[in-house]
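For reference, the structure is listed below as structure tokens.
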Amino acid sequence: MPVPKKTKDVPSATSATMTKATKSSDATVADIHATLRRRVLNEEYFPGQKLSENVLSREFGCSRTPVREALKRLEAERLIEVRPQSGTYVRAVTDKDYTDLLEVRAYIEGCAFRLALHRSREEDLRGLESLVEAMDETTTAKPIDMQLYADLHYRFHSSLVRMAGNDLLMAMFAGLNLRSSYMFLRSMSAENAARTQEEHHRIVRQLREHDAKGEKFVIEHLWRKKPYLSQ
């Protein structure tokens, strides 16, 4: 009796279509989430602003489902909040939120400095020096462009963390969801900016000299910003 030949399992057209649709949907959710997250962090959306699923779905040319999933991710990141019987809003950040953030951030960056002492390359150090020079130029302008200074300041500190070569540490830093302009617009006078720049120069110098005391100094550099939030 002839033995039936084995045949390969071939996905049905319906199954293949569903898989393709799922991948497409995932990509859409990721894209929408990334766009909305950037808008919140760049403060293109103001705290307390209502976000409409209908409006966003029309903007992105999709159904409400991927928009809803993207908003759930933002809620998990504490960037938005859902108010029962009201809707979805950009979450307002309190002084305590920023105090909590600074306390955690200080030790993330202190750890980053310790690791960067042994892992940083010459090009990394030159990049930090270029950012410090750009901040120097910004602080000598009258009036100081605080938004530009805030952007350069964020790039300086994120570069420091990246130099540590630790993916988990970088993910923790990114997860802080820093919204720089809040602190800078409230606390950065010309005098404060000048002092901050002196400290940035010292941080780079300590990295170049492999000075382990820089770890403590980085923590103090950020910890000193806490009183600004009560001003």
Identify all residues within segment 212-229 that are in contact (Cβ under 8 Å) with a residue 60 or more places away in the chain and in a loop (DSSP other than H, G, I, E, B); write none if there are none. Ala212, Lys225
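Yes/no matrix, rows are residues, columns are (1) in contact with a helix residue (DSSP H, G or I) (Cβ under 8 Å, 6 or more places away or on another chain); (2) in a helix (DSSP H, G or I); (3) not charged (D, E, K, R):
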site: Glu69; (1), (2), (3): yes, yes, no
site: Arg73; (1), (2), (3): yes, yes, no
site: Glu81; (1), (2), (3): yes, no, no
site: Asp97; (1), (2), (3): no, yes, no
site: Asp100; (1), (2), (3): no, yes, no
site: Ala112; (1), (2), (3): yes, yes, yes
site: Leu128; (1), (2), (3): yes, yes, yes
site: Ala134; (1), (2), (3): yes, yes, yes
site: Tyr154; (1), (2), (3): yes, yes, yes
Inspect segment 149-167 for any residue being at pLDDT 90 or above and within 30 Å of Leu56 (Cβ to Cβ) and give the result as yes or no. yes
May I ask you to list pairs of residues, at least six apart or on different chains, whose Cβ atoms are under 8 Å apart, with the first in segment 71-87 being on the phi > 0 side of the Ramachandran plot and without any contact (Cβ under 8 Å) to a residue 60 or more places away in the chain and the second being in a strand (DSSP E or B) and of a type outside the set (Lys, Arg)? Gly87/Leu51
So how many residues does segment 57-89 have that are under 26 Å from Asp151 (Cβ atoms) and surrounded by 16 or more Cβ atoms within 10 Å (Cβ to Cβ)? 6
Taking segment 7-56, which residues are surrounded by 10 or more Cβ atoms within 10 Å (Cβ to Cβ), at pLDDT 90 or above and over 25 Å from the mean Cα position of the chain (by Cα)? Val55
Specify the residue that is surrounded by the most Cβ atoms within 10 Å (Cβ to Cβ); the eligible residues are those in segment 99-150 that are closer than 20 Å to Gln197 by Cα and among the basic types (Lys, Arg). Arg105
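The values are calculated or read from the model by the stated rules, or taken from the named source; none is laboratory data. Predicted model, so just to flag it, every value in this text is computed and none were measured. When we count neighbours, we look across all protein chains shown, and the Cβ atoms used for this are built from the backbone with ideal geometry, even at glycine.
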